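Participant: Before we start, here is the structure in question, set down as structure tokens.
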Amino acid sequence: MSGFPTLLYKEVLRFWKVSTQTIGAPVLTAVLFLFIFSHVMEGRIRIYDAVPYAAFLVPGLVMMSVLQNAFANSSSSLVQSKMTGNIIFVLLPPLAYWEFFAAYVLAAAARGMVVGAAVLLVTLPFVEIEFRRPLWIIAFAFSASAVLGSLGMIAGIWAEKIDQVAAFQNFFIMPLTFLSGVFYSIHSLPAFWQGISHFNPFFYMIDGFRYGFFGVSDVNPFRSLAVVTAFLGVVSAITLTMLKSGYRLRH
Amino acid sequence: MPAAIEVRDVHKRFGELQALSGIDLEIRQGEFFGLLGPNGAGKTTLISVLAGLARADRGSARVMGHDVRADYRAARRSLGVVPQELVFDPFFTVRETLRFQSGYFGVRDNGAWIEEVMRHLDLASKAEVNMRALSGGMKRRVLVAQALVHKPPVIVLDEPTAGVDVELRQALWQFIRRLNRDGHTIVLTTHYLEEAEALCERIAMLKQGRVVALDSTANLLKRVHHLFLRLRLSGELPGELRPLEHGSTAEAHILRLKGFEDVEQALACIRKAGCRIEEMELMQPDLEDAFVDVMQRS
């Protein structure tokens, strides 16, 4: 029998056991964002003509939480295990590199989607939101969290110290997330920055995710899904290559 | 019957450091084998190569006939490793730690064996305690238990008794001996040479990444021909015997002699000087002497 289900279960239990920190804290942050931004911006901006700002903002905040928490899960688990040395417990067993990959990425996706669902649930009483295309919501939540879970693995394997993971998060993940249209529609940007935004893969994650709620988006959702899937393919290939070669794990 | 461990011409370099320079080693099934050497000799690197934690630059390694690279799943299933570092996962309890380790090896419904291992290592009362809350000795026991959950035929212990109190050391060796009697092959690295002498049938000594001695423990001891004479005298040690002094203490003189024929000579010398012998003991060389001897000559 394979060790994969146990590794997946362990990785999920790991964040579940400290859920105040891994689920509660990000939900609180997202809710604060929602209240402050919607209070300041309400009435000033209307997006897609019919959508009030607070309703527009909620899917963006949900996706932002999904992305950040999926990344945090795999990156922190790996870097902590490497630093404390207990990574040896998963390196000694007969786990294939792709089982290792699947367990960490799926656990990261689970954390991302649990936090996302919690943010959505908490904001529902305050903001009226539609769920026009629920399958798109699920497809984008899963594919985006898998991308970030995989990026988290790359960061966690590469980093030798916690602050290197923080740098990866602060200088790469955060800017790409904030500039992807979490707080605004890229149609409100000047033409030059609209063009630049199309090179940000995170933009397609959030835009496609929003389509699931409102049935309208900046870009055709099929195109967004194609971009996100292709990006997932690329980061997965990089992660799998690192794992197969034993980079910074097996010397 | 394949060898428990077979290492052929294994080389491993870490940057500037040549950690292993052509190791050849065969350990038979059921042996209690000792791997000795000073710090940096390559013991842990060799274990890492066997366990798949490090990859050899050249040469091959097999566990129970399974190549550690090409047939890594079978090789790793055959091997249980107790690492030297006191590592643990602070998120989980003792029982969770052991269940997970068992699951990683694909062994499910392993509760009965896990209970038995915990009982033998005196961990049963700590089963539901978080790893963080355990003492160093208890954490060490969990590491041993983790290496045993999948019932591996070959068990490697990398300095398992470093910094461990006497009581645990005794209990641990009793348990490891029992596993050896039950047919498990045991490979041990230790700094405590008296432990290796008492437990191991065969010993390999490593120095700078090479095997400098490989023989039965008895044969290694036979290689050291000198013996020690411990004396407590009523007066001063005669001047002629001074050059033979080897590690004397305040209460006693210890003389290093080439053989039994030298004993007679030394006693005659003392008689001649008018000294009275208050206490006398003849000591056989131990593994430490053999170790020092081999290290100096290689």
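Quick grid of which residues meet (1) assigned to a loop (DSSP other than H, G, I, E, B); (2) free of Cβ contacts under 8 Å to residues at least 60 places away in the same chain; (3) over 36 Å from the mean Cα position of the chain (by Cα):
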residue	(1), (2), (3)
B:249	yes, yes, no
B:265	no, yes, yes
B:269	no, yes, yes
B:295	no, no, no
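Participant: Just the residues that are part of a loop (DSSP other than H, G, I, E, B) and either closer than 20 Å to residue B:3 by Cα or outside the structural domain of residue B:13 (by TED's automatic domain parsing) (or both), please, taken from region B:41-60. Lay out the reasoning, then the answer.
Facilitator: Taking region B:41-60 and keeping what is part of a loop (DSSP other than H, G, I, E, B), we get B:41-42, B:52-57.
Passing the criteria: B:52, B:56.
Participant: While we're on this one: Would it be correct to say that residue B:31 is surrounded by fewer than 23 Cβ atoms within 10 Å (Cβ to Cβ), under 16 Å from the mean Cα position of the chain (by Cα) and acidic (Asp, Glu)?
Facilitator: Details: surrounded by fewer than 23 Cβ atoms within 10 Å (Cβ to Cβ): yes; under 16 Å from the mean Cα position of the chain (by Cα): yes; acidic (Asp, Glu): yes.
Against the criterion (surrounded by fewer than 23 Cβ atoms within 10 Å (Cβ to Cβ), under 16 Å from the mean Cα position of the chain (by Cα) and acidic (Asp, Glu)), residue B:31 qualifies.
Participant: Is there a residue being closer than 25 Å to residue B:219 by Cα and either in the same structural domain as residue B:211 (by TED's automatic domain parsing) or in contact with a helix residue (DSSP H, G or I) (Cβ under 6 Å, 6 or more places away or on another chain) (or both) anywhere in region B:238-255?
Facilitator: yes
Participant: Among the residues of region A:1-27 satisfying the criterion of being surrounded by fewer than 21 Cβ atoms within 10 Å (Cβ to Cβ), hydroxyl-bearing (Ser, Thr, Tyr) and assigned to a helix (DSSP H, G or I), which is farthest from the other protein chains (Cβ to nearest Cβ)?
Facilitator: A:20
Participant: Any residue in region A:43-51 that is in a loop (DSSP other than H, G, I, E, B), hydrophobic (A, V, I, L, M, F, W, C), more than 11 Å from chain B (Cβ to nearest Cβ) and free of Cβ contacts under 8 Å to residues at least 60 places away in the same chain? Show your work before the answer.
Facilitator: As a first pass, look at region A:43-51 and keep what is in a loop (DSSP other than H, G, I, E, B): A:43-45, A:48-50.
Restricting the remaining residues to those that are hydrophobic (A, V, I, L, M, F, W, C) gives A:45, A:50.
The next check asks that each one be more than 11 Å from chain B (Cβ to nearest Cβ); those that pass are A:45, A:50.
Filter once more, keeping what is free of Cβ contacts under 8 Å to residues at least 60 places away in the same chain: A:50.
Yes - at least one qualifying residue is present in region A:43-51.
Participant: Just to confirm my filter: which strands (runs of 3 or more DSSP E) fall fully inside region B:197-242 and include at least 2 residues that are over 15 Å from the mean Cα position of the chain (by Cα) and modelled with pLDDT of 85 or more? I'd like the intermediate steps shown before the answer.
Facilitator: On the way: elements: B:202-207, B:210-216, B:227-233.
Of the strands (runs of 3 or more DSSP E) lying wholly inside region B:197-242, those with at least 2 residues that are over 15 Å from the mean Cα position of the chain (by Cα) and modelled with pLDDT of 85 or more span B:210-216, B:227-233.
Participant: Sticking with this one: Does region B:124-141 hold any residues that are modelled with pLDDT of 95 or more and under 19 Å from the mean Cα position of the chain (by Cα), and which are they?
Facilitator: Within region B:124-141, no residue meets the criteria.
Participant: Further question on the same structure: Of the residues that sit in region A:67-121 and are in a loop (DSSP other than H, G, I, E, B) and not small (Gly, Ala, Ser), which one is farthest from the other protein chains (Cβ to nearest Cβ)? Walk me through it before giving the result.
Facilitator: Initial filter on region A:67-121 (in a loop (DSSP other than H, G, I, E, B)): A:85-87, A:92-96.
Retained after the next criterion (residues that are not small (Gly, Ala, Ser)): A:86-87, A:92-95.
Numbers: A:86: 5, A:87: 9, A:92: 6, A:93: 4, A:94: 4, A:95: 6 Å.
Among them, the one singled out is A:87.
Participant: Can you tell me which residue among B:80, B:22, B:30 is modelled with pLDDT of 95 or more, in contact with a strand residue (DSSP E or B) (Cβ under 7 Å, 6 or more places away or on another chain) and part of a strand (DSSP E or B)?
Facilitator: On the way: B:22 fails: modelled with pLDDT of 95 or more; B:30 fails: part of a strand (DSSP E or B).
Of the residues listed, the single one that is modelled with pLDDT of 95 or more, in contact with a strand residue (DSSP E or B) (Cβ under 7 Å, 6 or more places away or on another chain) and part of a strand (DSSP E or B) is B:80.
Participant: With respect to residue B:60, is the statement that it is away from every other protein chain (no Cβ under 11 Å) and modelled with pLDDT of 95 or more true?
Facilitator: Details: away from every other protein chain (no Cβ under 11 Å): yes; modelled with pLDDT of 95 or more: yes.
Considered against the rule, which asks whether it is away from every other protein chain (no Cβ under 11 Å) and modelled with pLDDT of 95 or more, residue B:60 comes out as yes.
Participant: Is at least one residue of region A:162-171 β-branched (Val, Ile, Thr), at pLDDT below 95 and closer than 16 Å to residue A:66 by Cα?
Facilitator: No, region A:162-171 has no match at all.
Participant: While we're here: If you take the residues of region B:68-84 that are more than 9 Å from chain A (Cβ to nearest Cβ) and surrounded by 21 or more Cβ atoms within 10 Å (Cβ to Cβ), which of them is farthest from residue B:145 (Cα to Cα)? It would help to see each step written out before you state the result.
Facilitator: Step one: list which residues in region B:68-84 are more than 9 Å from chain A (Cβ to nearest Cβ), which gives B:68-71, B:78, B:82, B:84.
When the remaining residues are screened for being surrounded by 21 or more Cβ atoms within 10 Å (Cβ to Cβ), the result is B:68, B:78, B:82.
Numbers: B:68: 23, B:78: 15, B:82: 9 Å.
Out of the qualifying residues, it is B:68.
Participant: Related question: What number of residues in region B:84-99 are at pLDDT 95 or above and touching an Asp or Glu at 6+ places or on another chain (Cβ under 8 Å)?
Facilitator: Going through region B:84-99 one residue at a time, the tally reaches 4.
Participant: Inspect region B:259-278 for any residue being surrounded by 13 or more Cβ atoms within 10 Å (Cβ to Cβ), in contact with a strand residue (DSSP E or B) (Cβ under 7 Å, 6 or more places away or on another chain) and under 26 Å from residue B:196 (Cβ atoms) and give the result as yes or no.
Facilitator: Within region B:259-278, not a single residue is surrounded by 13 or more Cβ atoms within 10 Å (Cβ to Cβ), in contact with a strand residue (DSSP E or B) (Cβ under 7 Å, 6 or more places away or on another chain) and under 26 Å from residue B:196 (Cβ atoms).
Participant: If you check residue B:121 against the conditions, is it over 16 Å from residue A:87 (Cβ atoms), touching a helix residue (DSSP H, G or I) at 6+ places or on another chain (Cβ under 6 Å) and modelled with pLDDT under 95? Working first, answer last.
Facilitator: Details: over 16 Å from residue A:87 (Cβ atoms): yes; touching a helix residue (DSSP H, G or I) at 6+ places or on another chain (Cβ under 6 Å): yes; modelled with pLDDT under 95: yes.
Considered against the rule, which asks whether it is over 16 Å from residue A:87 (Cβ atoms), touching a helix residue (DSSP H, G or I) at 6+ places or on another chain (Cβ under 6 Å) and modelled with pLDDT under 95, residue B:121 comes out as yes.
Participant: Is at least one residue of region A:64-81 in contact with a strand residue (DSSP E or B) (Cβ under 7 Å, 6 or more places away or on another chain) and surrounded by 23 or more Cβ atoms within 10 Å (Cβ to Cβ)? Spell out how you get there, then give the answer.
Facilitator: Step one: list which residues in region A:64-81 are in contact with a strand residue (DSSP E or B) (Cβ under 7 Å, 6 or more places away or on another chain), which gives none.
Taking every residue of region A:64-81 in turn, none turns out to be in contact with a strand residue (DSSP E or B) (Cβ under 7 Å, 6 or more places away or on another chain) and surrounded by 23 or more Cβ atoms within 10 Å (Cβ to Cβ).
Participant: Also, I was wondering about something else. May I ask you to say which residue of A:213, A:171, A:222 is surrounded by 18 or more Cβ atoms within 10 Å (Cβ to Cβ) and either away from chain B (no Cβ under 14 Å) or assigned to a helix (DSSP H, G or I) (or both)?
Facilitator: Values: A:171 fails: surrounded by 18 or more Cβ atoms within 10 Å (Cβ to Cβ); A:222 fails: surrounded by 18 or more Cβ atoms within 10 Å (Cβ to Cβ).
That would be A:213, the only listed residue that is surrounded by 18 or more Cβ atoms within 10 Å (Cβ to Cβ) and either away from chain B (no Cβ under 14 Å) or assigned to a helix (DSSP H, G or I) (or both).
The values are calculated or read from the model by the stated rules, or taken from the named source; none is laboratory data. Keep in mind the model is a prediction, meaning the values are calculated, not measured. Positions of Cβ are backbone-derived with ideal geometry, glycine not excepted, and every protein chain shown enters the neighbour counts.
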